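Everything on this sheet refers to the single structure shown next.
Where a number appears in this text, it was derived from the coordinates with a stated rule and is not lab data. Fair warning: this is a prediction, and the values are worked out from it, not measured in the lab. Ideal geometry is used to build each Cβ from the backbone, glycine not excepted, and the neighbour counts take in all protein chains shown.
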């Protein structure tokens with residue numbers, strides 16, 4: 001499978017002529033940020049058996065680590081993010097309670113993740129036990145843990161800087177009531193994700209002066225009911241550049257694009273589940289004014305050779 005077969009490019013602004021620029025001129029005037037992302041890994045450490053089943057031979061954390069390493073060797077500015085449900089689904093979780101997942105993600109140098117509903121499957125105490133093994137940040141803007149043993153353990157957002165480009169990342173989780181046994185989340189309070197997202201955009205744009213705002217969401221991609229999802233969030237909260245979703249295990253060939261009345265574009269993406277795919281989104285920024293010039297996206301199957309275009 002060749003990368004050009006699933007590479008999708010979206011123009012943002014005056015992108016028509018950029019590809020014709022000499023490579024040295026392009027490199028001197030732009031900064032490329034590569035965002036890699038996963039969701040709903042569900043403790044899938046090994047590849048799926050290659051026995052004729054759907055997705056047979058795909059996935060596996062060792063293979064993902066190799067792919068990420070290859071991309072980091074090629075790209076100077078990489079962010080690696082996850083949208084929740086790291087836990088639950090294989091005997092690895094049953095035996096080790098999430099320790100292995102966090103240790104392997106730390107070795108892969110994940111930068112940040114958010115919490116999914118299954119990350120509460122061993123209760124707040126079980127989550128607390130595993131957090132020391134995670135060498136990356138957990139971001140949660142709409143879960144209030146102040147009345148629990150996890151008070152002050154999570155940040156609502158985090159900022160990163162890559163070659164002068166400032167990126168703000170925040171996390172949103174799904175309502176736990178009805179999905180998780182109440183004893184597993186205790187006094188955790190669920191806050192309105194729309195209001196909290198608007199708060200985060202204001203904080204990251206106005207106070208932190210971020211050039212790019214990313215939401216790690218475990219709300220789910222799309223529901224036919226009034227239940228909040230990533231598509232509704234993109235349409236109701238202005239100022240988010242990228243929503244990286246989870247929960248619904250949605251395989252998307254390319255991000256969905258929403259444009260508000262001011263012309264601001266929000267991309268929504270999700271890459272299935274179980275580490276079968278690694279999502280890649282390349283943002284190119286002008287060095288002069290730090291504005292986005294264009295975006296290129298790809299879905300990278302983990303376990304199949306990828307040929308760079």
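When N is the residue count of region 234-274, what does its C-alpha Rg come to as a fraction of 2.2 N^0.38 Å?
Against the empirical 2.2 N^0.38 Å value, I get 1.22 for region 234-274.
Expressed as a whole number of Å, what is the distance separating the alpha-carbon centroids of region 248-284 and region 132-149?
25
Over region 3-301, what is the relative contact order in whole percent, taking alpha-carbon pairs under 8 Å and six or more residues apart?
Once divided by the residue count of region 3-301, the mean separation gives 24 percent.
For the residues 121, 40, 181, what sequence is obtained by ranking on other C-beta atoms within 10 Å, fewest first?
Exposure proxy ranking, most exposed first: 181, 121, 40.
Please report Rg over Rh for the chain, where both radii come from the alpha carbon positions and Rh follows the Kirkwood definition.
0.95
May I ask you to list the residues of region 114-147 whose amide nitrogen lies under 16 Å from a point 7 Å from Cα along the Cα→beta-carbon direction of residue 189?
What the label zone holds, given the 16 Å backbone N cut-off, is 141-147.
Can you give the calculated 222 nm mean residue ellipticity of the chain, where each DSSP H run of n ≥ 4 adds -39,500 (n - 2.57) and the sum is split over every residue, rounded to the nearest 500 deg cm²/dmol?
For the chain, the value works out to -6000 deg cm²/dmol.
Picking from 67, 242, 219, which is most flexible by a Gaussian network model of the chain using Cα springs under 10 Å?
Per the Cα network of the chain with a 10 Å cutoff, 67 tops the list.
Over what distance in Å are the Cα centres of region 199-231 and region 69-119 separated?
21
Starting with the fewest neighbours, write out 96, 87 ranked by other beta-carbon atoms found within 10 Å of each beta-carbon.
Starting with the residue having the fewest Cβ neighbours, the order is 96, 87.
Normalising by the residue count of region 152-309, find the relative contact order in percent from Cα pairs under 8 Å and 6+ residues apart.
16
Tell me, 214, 167, 45 in order of fewest to most beta-carbon neighbours within 10 Å?
If I rank by nearby Cβ atoms, fewest first, I get 45, 167, 214.
Of the DSSP beta bridges with both residues in the chain, give the percent that are antiparallel, rounding to the nearest 5.
60
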